[in-house]
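All remarks here apply to the structure that follows.
The values are calculated or read from the model by the stated rules, or taken from the named source; none is laboratory data. Fair warning: this is a prediction, and the values are worked out from it, not measured in the lab. Ideal geometry is used to build each Cβ from the backbone, glycine not excepted, and the neighbour counts take in all protein chains shown. Note: areas computed on protein heavy atoms with side chains; ligands, DNA, RNA excluded. Shrake-Rupley method; radii C 1.70, N 1.55, O 1.52, S 1.80 Å.
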Amino acid sequence: MALWVDKYRPKYLVSEKNGIDYHLAQAQHLKFLASDCMPHLLFCGPSGAGKKTRIKCFLRELYGTGVDKTQLIMKPFTTPSNRKLEIQTVSSNYHVEMTPSDMGIYDRVVVQDIVKEMAQMSQIDSGSQKSFKVVVLCEADSLTRDAQHGLRRTMEKYANNCKMILCCESLSRIIEPLQSRCIVINVPAPTDDEVTKVLRNVIKKEEFALPDAVLQRIVEKAEGNLRRAILMAEAIRMENEAGVSSNAQIPVPEWETYLQETSRLILLKQSSDMLLKVRERLYEILSRCIPPAVIFKVISFQINH
Amino acid sequence: MQNLWHPAIFCLSNGVANWKLNPDRIFTTGFIQQNGLQSLSFNPVADSFVKKALVRASGLLSRPLSDAKCNVIANEAQGDLRLAMNMLQMNAIGPNSDRNSGAKMVFAAKANREETFHMIGRILYAKRVNPNMPKTGRFAPRKRKSSLIPEPKERTALEHDPTDIIAMSSMSSDKLASFLFENEHVFCSDISKYRQVVENLSFCDMLTGDWHTKRALPEEYVAQIATRSVMWHNYKGSRPGTLYQVRRPVINDLNRDIEMTRNEVRKLPLIGSESFTYLNAPYQTKIEGLIDPRRVECFLSRSFLISWKSGRDQIEDQMEKSASLRKPRKIPKHVVEIIEIGDEEETWDIEDSSDDSFDDF
């Protein structure tokens, strides 16, 4: 059973059916870029704004449905200290997708060896299709500076054979020379109206009734994160199988409530004992792999409000 | 020294045990240069060589020690061959026959470890010289034990030099900083002072984590910042009346746990899903009604009543218990249940074949 976020993900940049729902002018531009000589691209925007969806639609526009036939391949590589590591890649005949920052400080080796190796290989039968292939690098803002510098040369040297698509949340963590080599596509978070529109479409397709008051609360809670909004709608559907009443509780992950309580404790008393208690609580949240940036954001928001 | 006819050879150890005769302490750089001293330093013996020597020596005994035990001794000896041999001897003799292969182990290297904790204590207590303290001498009048010695009203010099303490702790900078971070809150009751110490410790953390800085700075630099910051701010702190137990930093265990979970997440067919751990996994567990503790989604969204400190196995046990108490989810009306009729378990028998028919291909 696929999650609604995957089931109702748009498939085309511009289309009546299964097309992208918002930032339509930008989608038109991307379609134009796909038909023209494609440059390196840098997609940037907050989580749940639709960066990956746009990248997938863009690739489909470039190569057709062939990009959907993907396989998971583990690429082995050796670090300078002779350590053998593997990186997970998703690849089709036309593109390769990976997250080099998963390898920590060895991301430089991934960029210099694996990406370079892919870039060196030409596209098969380039006469009947695009002459280049695409390498999608996710979480580019988590790449170390060394890796980003390593990428510069590869991007320039093999630009005819291979185009890069970088995906990141924060542009400020991408070095200037890399930014200048790409066309930056900023994907802002959808507005509340846009999120409401998408949610209504999903609800309609799933044929269930969601009161307007609940829908409104979901949109407010999602804070422009469409993925979160759809996940919340699906969770509320599963928790209320008989039907959603207008005062139904919006399900939130437990770590959020735990962080709210932690923020309350911070404000309650500033002493060594409380400090220790808060530290223990933060360790508890970290052990669940909640990113520190998210923890900081939630706590600072809670403390200020 | 320069007028000596015969060459003089100093043979000194720079170990913690003989700190008073440490060459780093007694020979200054100026003295070495002035007298043209050449220093030859010997590294600790590699663990593999210690192990080799232990196995050889153990083989000569009437009842040799197990391989695992030799490994433990080699690790504990920390490159000191003499210490390794002493430990071998300690573990090979005695009335307990299970010493040769059993789990019990007699360690001779305990003193060094105690020394390390002693040094951390020195940093945290940050004792300062008290000029009011009576000098203990042959003719000094004896003071009654119960009488209180007045504390000095201004910040006096430290009793122990921070550089000496760092050297004697024989710890790496990041390890020392993490020990100080773990225990500082008890020794520094003033929250504003604690904030400054923690700020410095996070600066140290940044220095030790950054690849370029780590290589560019001397090894001791970060330890110096951490130690001096703690010793400066712990002045007139509310020191515990009795001796306080120094706790091991839990951050290393936590990092190991996080890394283990991350590796599991990386095995999933996910590319660049940054929100998986904090958004997808908790909602997916709710939507799909997952209760299997071995599923990483379930593990990530476990209840906060189950602490990470209990360890992976305990966590899974507790999750299983709480899952068994939970009612099974009803199948929603819109989901059509597919029941396979006559679905008997199929059994397969693999017969051994004498002729290898694959050879024909």
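Structure values in brief
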quantity	calculated
Qualifying residue in segment A:260-277 (condition: free of Cβ contacts under 8 Å to residues at least 60 places away in the same chain, facing chain B (nearest Cβ under 10 Å), assigned to a helix (DSSP H, G or I) and crowded, with 17+ Cβ neighbours inside 10 Å)	yes
Given (1) under 24 Å from the mean Cα position of the chain (by Cα); (2) within 9 Å of chain B (Cβ to nearest Cβ), index of the condition A:Ile250 fails	(2)
The lone exception for A:Arg217 - which of (1) farther than 27 Å from A:Glu139 by Cβ; (2) outside any helix (DSSP H, G or I) it fails	(2)
Hits in segment B:29-62 (condition: over 27 Å from B:Met85 (Cα atoms), in a helix (DSSP H, G or I) and not small (Gly, Ala, Ser))	B:Thr29, B:Phe31, B:Ile32, B:Gln33, B:Gln34
Any hit, segment A:75-85, residues being touching a Ser or Thr at 6+ places or on another chain (Cβ under 6 Å) and within 13 Å of chain B (Cβ to nearest Cβ)	yes
Pick from segment A:1-56, criterion among the aromatic types (Phe, Trp, Tyr) and in a helix (DSSP H, G or I), ranking: farthest from the other protein chains (Cβ to nearest Cβ)	A:Phe32
Criterion: among the aliphatic types (A, V, I, L, M), touching a Cys at 6+ places or on another chain (Cβ under 6 Å) and open to solvent by less than 30 Å² (accessible area, probe 1.4 Å) - qualifying residue of A:Ala119, A:Ala147	A:Ala119
Options B:Leu217, B:Leu207, B:Leu176, B:Leu243; residue that is crowded, with 19+ Cβ neighbours inside 10 Å, at pLDDT below 90 and more than 14 Å from chain A (Cβ to nearest Cβ)	B:Leu207
Residue in segment A:168-176 that is farther than 21 Å from A:Glu139 by Cβ and within 14 Å of chain B (Cβ to nearest Cβ) present	no
Subset of segment B:61-70 that is in contact with a helix residue (DSSP H, G or I) (Cβ under 8 Å, 6 or more places away or on another chain), exposed (fewer than 15 other Cβ atoms within 10 Å of the Cβ) and of a type outside the set (A, V, I, L, M) - its residue that is nearest to B:Ala46 (Cα to Cα)	B:Asp67
Residue within segment A:220-232 that is over 25 Å from B:Tyr278 (Cβ atoms) and away from chain B (no Cβ under 13 Å) present	no
Any chance A:Val195 is open to solvent by less than 60 Å² (accessible area, probe 1.4 Å), within 27 Å of A:Tyr22 (Cα to Cα) and in contact with a helix residue (DSSP H, G or I) (Cβ under 6 Å, 6 or more places away or on another chain)	yes
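Here's the yes/no breakdown for (1) buried (at least 22 other Cβ atoms within 10 Å of the Cβ); (2) of a type in the set (D, E, K, R):
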| site | (1), (2) |
| --- | --- |
| A:Asp21 | no, yes |
| A:Gln26 | no, no |
| A:His29 | no, no |
| A:Met38 | no, no |
| A:Phe43 | yes, no |
| A:Ser47 | no, no |
| A:Gly50 | yes, no |
| A:Thr53 | no, no |
| A:Phe58 | yes, no |
